[in-house]
Amino acid sequence: MSNIKIFLKNFTAGRRALFKRMGIYLGSALAVFEAANILLEDGAVANWCAGMTLGGISLRSVLTNVFVYLGAGAVLALLRQGSFAHYCMNIIGTDVKIEIAMSDIFSNRGEIVVPCNTTFSGRREVIGGRSIQTQMTERLRLPKDENGSAENGGEYFENAVKQALQRPECRKRRIEGQKELAGRLYDIYQYGTMAPVTFPVDGKQRNVILLAVAEMLEPDKPKTDGQHLMKSIDDMWEQIAACRTREQTLVVPILGTGSAGITDKPQQTVARYILRTFADNAHRLGIKKLILSVYPQDYLDDKINLEELRCYADYLCRFPDSDFNIS
């Protein structure tokens with residue numbers, strides 16, 4: 001049902017592009033129709049087409065019917081309407097791409113950034129049930145032991161993250177003190193701390209970057225604001241520039257706008273900030289493609305304006321600020 005809603009909204013939102021495309025396709029269809037008529041003026045070709053049948057109708061009748069061409073042009077224009085929800089373009093003068101994709105974030109290929117809290121806790125009783133992190137934990141496919149039971153996803157998550165946080169880059173971002181959450185003490189890290197982990201998501205090993213973007217006030221009560229969120233995004237690019245990612249495609253959701261629910265920065269602003277800061281830093285990150293993953297329901301709820309976002313990404317790709325850098 002949501003796919004139908006998305007198609008109808010794409011149809012409405014992209015109607016200007018659709019009408020322009022419709023004119024181009026119908027004009028092309030008429031040109032092909034004229035070319036076919038000129039070709040059929042040759043007697044041998046006309047006789048051959050008359051002898052060929054399609055469902056009992058001669059090929060010559062099909063090729064001389066203008067409505068066949070107009071119908072094909074209209075259908076092609078409508079089918080292309082689905083591309084309104086997708087954008088991909090190279091930053092001019094580079095082989096780096098920016099892509100905007102409206103889909104399940106885990107369906108994209110590449111290393112995935114998953115927003116997390118500053119304690120990197122992963123148990124369901126702590127993080128609740130609405131975040132991307134929770135979705136990922138529920139989709140972990142863990143091996144079973146000899147008794148046929150698999151390890152708890154939340155415990156597996158925390159054990160894997162605990163090892164990742166032993167990296168020197170993470171240890172130096174640890175804050176003094178601990179936070180008690182659901183009967184367990186957790187170390188606290190600065191906003192923007194990254195923990196690279198590999199998880200068996202949907203049965204496939206996926207490289208994941210856990211990024212601390214919110215403070216966990218109490219179980220199922222994360223909180224962030226625009227200032228901390230923007231700093232987390234800036235810190236992410238700095239750490240990637242220093243340490244590199246494990247894959248050359250990075251998949252990033254619109255951070256901090258889900259269960260953390262920031263109110264001082266609209267999702268559209270956060271999305272533009274991710275695109276802008278990536279474009280500004282692309283030359284030093286070692287990433288060949290950024291995929292900004294848009295949650296379909298956010299689009300349907302008008303929290304994200306895809307047309308505006310596409311136009312902004314197009315501007316960044318065509319006129320990168322790096323043109324003004326003097327080195």
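The values are calculated or read from the model by the stated rules, or taken from the named source; none is laboratory data. This structure is a prediction, so every number in the text was calculated from the model and none was measured. All Cβ positions, even for glycine, are placed from backbone atoms using ideal geometry, and neighbour counts span all protein chains on display.
Residue count for region 89-114 satisfying the condition of being more than 17 Å from Tyr295 (Cα to Cα) and free of Cβ contacts under 8 Å to residues at least 24 places away in the same chain: 0.
Among the candidates Asp220, Asp202, the residue that is under 27 Å from the mean Cα position of the chain (by Cα), in the same structural domain as Arg246 (by TED's automatic domain parsing) and surrounded by fewer than 16 Cβ atoms within 10 Å (Cβ to Cβ) is uniquely Asp202. If the condition is being in a loop (DSSP other than H, G, I, E, B) and either exposed (fewer than 14 other Cβ atoms within 10 Å of the Cβ) or modelled with pLDDT of 95 or more (or both), then region 287-327 contributes Ile287, Lys288, Asp301, Asp302, Phe319, Asn325, Ile326, Ser327. The residues in region 168-210 that are assigned to a loop (DSSP other than H, G, I, E, B) and in contact (Cβ under 8 Å) with a residue 24 or more places away in the chain can be counted, and the count is 7.
Consider region 238-270 and keep the residues that are under 19 Å from Glu308 (Cβ atoms) and assigned to a loop (DSSP other than H, G, I, E, B). The one that is modelled with the lowest pLDDT is Thr257. Scanning region 206-231 for residues that are of a type in the set (S, T, N, Q) and modelled with pLDDT under 95 returns Thr224, Gln227.
Residue by residue, here is whether (1) modelled with pLDDT of 90 or more; (2) in the same structural domain as Ile112 (by TED's automatic domain parsing); (3) closer than 19 Å to Val252 by Cβ holds:
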| position | (1), (2), (3) |
| --- | --- |
| Asn152 | no, yes, no |
| Pro168 | yes, yes, no |
| Asp187 | yes, yes, no |
| Tyr191 | yes, yes, yes |
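Among the residues of region 115-125, those that are in contact (Cβ under 8 Å) with a residue 40 or more places away in the chain and either in a loop (DSSP other than H, G, I, E, B) or surrounded by 24 or more Cβ atoms within 10 Å (Cβ to Cβ) (or both) comprise Pro115, Cys116, Asn117, Thr118, Thr119, Phe120, Ser121, Arg123. Taking (1) at pLDDT 75 or above; (2) farther than 30 Å from Met102 by Cβ in turn, Leu26 satisfies each apart from (2).
With the checklist (1) surrounded by 14 or more Cβ atoms within 10 Å (Cβ to Cβ); (2) of a type outside the set (Gly, Ala, Ser); (3) closer than 23 Å to Asp234 by Cα in hand, flag the one item Lys172 doesn't pass. Single failed check for Lys172: (1).
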